[in-house]
1. For the stretch 53-146, which whole percent of the accessible surface, found with a 1.4 angstrom probe, sits on carbon and sulfur atoms?
2. For a Förster distance of 22 Å, can you work out the FRET efficiency between the beta-carbons of Met26 and Ser64, rounded to the nearest 0.05?
3. Just to check I understand the Karplus step: with θ = phi - 60° and J = 6.51 cos²θ - 1.76 cosθ + 1.60, what whole-Hz values come out for the stretch 133-138, glycine and proline as x?
4. Cβ under 14 Å from Arg96's Cβ, Arg96 left aside: what net charge do those residues give with Lys, Arg +1 and Asp, Glu -1?
5. List every residue whose amide H lies under 5 Å from the amide H of Ile8, counting only residues 5 or more places away in sequence or on a different chain, with H placed 1.01 Å from N in the peptide plane.
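The values are calculated or read from the model by the stated rules, or taken from the named source; none is laboratory data. Since the model is a prediction, treat every value here as computed from it, not as a measurement. Cβ coordinates were reconstructed from backbone atoms using ideal geometry, including for glycine residues, and neighbour counts include every protein chain displayed. Side chains are part of the model used for accessible areas, which takes the heavy atoms of the whole protein and leaves out ligands, DNA and RNA. Shrake-Rupley method; radii C 1.70, N 1.55, O 1.52, S 1.80 Å.
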Amino acid sequence: MSFNLPEIDREETKKAVEAALEKYQMYLLMEPIERLPKITTTYTLVPPSNTNAFHSTTEDTAISKVDFEQEKERYMERIRRAVNRLNYHERSIIIRRYLDQEERFDYEVYNDLGMSERKYYRVKARAFYKLAFILRIEVYKKKVES
């Protein structure tokens, strides 16, 4: 009896993790999207319908803002929890490189942490791999049928 795990596509998985971290960074910087309600009167030839359906642009705007804020907060908390599950070195790299508001390059991060370049990239790759599984965004290679 053998158990074969599917093979991970490392390059695509890396791209997925980088995209997730970039989305976190954008949410961190982003002000809520302004969806202003209509404040001018609109005239129409269609007579008003007397139904119980009530669609106010002000209410729609408020609801969409609240929904967006809730989705943003859930996403950011999910990323924070995932990063907090990493070990100290992995967490330090991810936070300094991707989650700080100040944009940094890899060489700045490994110099700040006192790591060699080789160790930095090894630890970073391992952190990406772990994050992909924690966030469930890993990408598997497709099997080629012969």
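1. Result for the stretch 53-146: 50 percent of the exposed heavy-atom area is carbon or sulfur.
2. Step by step, r from the Cβ atoms, then E = 0.75.
3. So the J values, rounded to whole Hz, are 6, 4, 7, 6, 10, 5.
4. Taking every Cβ under 14 Å from that of Arg96, the sum is -3.
5. Lys141
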